[in-house]
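Dumping the structure here so I can ask a few things about it.
The values are calculated or read from the model by the stated rules, or taken from the named source; none is laboratory data. The shown structure was predicted, so the numbers you read here are calculated from the model rather than taken from an experiment. Every residue, glycine among them, receives a Cβ derived from its backbone with ideal geometry; neighbour counts consider all protein chains shown. When the accessible area is computed, the model is the full protein with side chains, heavy atoms only, and any ligands, DNA or RNA have been set aside. Shrake-Rupley method; radii C 1.70, N 1.55, O 1.52, S 1.80 Å.
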Amino acid sequence: MSPQNVVELADRVSRKRAIGTAAATTVFLAIQVVARPVFRGDGTVLSPLRANMWALNAGILLLLLLPIGGYVFGARVRALVNDDVSRHNSRLAATAGFWVAMLVALAVYALPAAQGLTAREATYLVVTPAVGVALLAFAWCEARALRDG
């Protein structure tokens, strides 16, 4: 593959990663609004597989913050996709997710309305917005970096 083709492929992969990350995160958050797999007030008992799909989905989405983009296209493409700017954007996004998690965790601890929550419900309340903010921040930073050239 010529150097020109490697750069063009890395550019396409980077653009698709930003759009794909934003789309996957939006779908994840929309499902949480509609389905709320942890808070079941109707007495429905979920199967263990369905109950744990949220955690599996959140964990897989968090893998998008790792510098593994372009892995299937080889080392040269991976190096271009995961450049210093991309790694910096990933660190910024992880920092944003961390602070959202800390603020929500403190709110869950301090607010009287949250005292009756189970550990599973509290974890859901902390992790869901933290994953959403981290991934949307990463997608936004990547899109902004690609737009700025």
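Failed condition for Arg120, given (1) open to solvent by 70 Å² or more (accessible area, probe 1.4 Å); (2) in contact (Cβ under 8 Å) with a residue 24 or more places away in the chain; (3) under 30 Å from Asp11 (Cα atoms), with all others met?
The single condition Arg120 does not satisfy is (3).
Moving to a separate point now. Condition check: open to solvent by less than 70 Å² (accessible area, probe 1.4 Å), of a type outside the set (S, T, N, Q), modelled with pLDDT of 95 or more and under 12 Å from Leu65 (Cβ atoms). Does Ala134 satisfy that? Show your work before the answer.
Working: open to solvent by less than 70 Å² (accessible area, probe 1.4 Å): yes; of a type outside the set (S, T, N, Q): yes; modelled with pLDDT of 95 or more: yes; under 12 Å from Leu65 (Cβ atoms): yes.
Judged against the criteria, Ala134 is a match.
Here are the criteria: (1) open to solvent by 40 Å² or more (accessible area, probe 1.4 Å); (2) under 26 Å from Asp11 (Cα atoms); (3) at pLDDT below 90. Tell me which single one Met53 does not satisfy.
Only one criterion is unmet by Met53, namely (2).
When the range 21-50 is examined, which residues are found to be closer than 17 Å to Val126 by Cα, open to solvent by less than 40 Å² (accessible area, probe 1.4 Å) and at pLDDT 90 or above?
Scanning the range 21-50 gives Thr25, Phe28.
Which residue is nearest to Ala23 (Cα to Cα), if the candidates are limited to the range 59-73 and must be touching a residue at least 12 places away in the same chain (Cβ under 8 Å) and open to solvent by 30 Å² or more (accessible area, probe 1.4 Å)? Working first, answer last.
From the range 59-73, those touching a residue at least 12 places away in the same chain (Cβ under 8 Å) are 61-62, 64-70, 73; that's our starting set.
From what is left, the residues that are open to solvent by 30 Å² or more (accessible area, probe 1.4 Å) are 62, 64, 66-68, 73.
On the way: Leu62: 14, Leu64: 12, Leu66: 17, Pro67: 19, Ile68: 18, Phe73: 22 Å.
Within the range 59-73, the match that is nearest to Ala23 (Cα to Cα) is Leu64.
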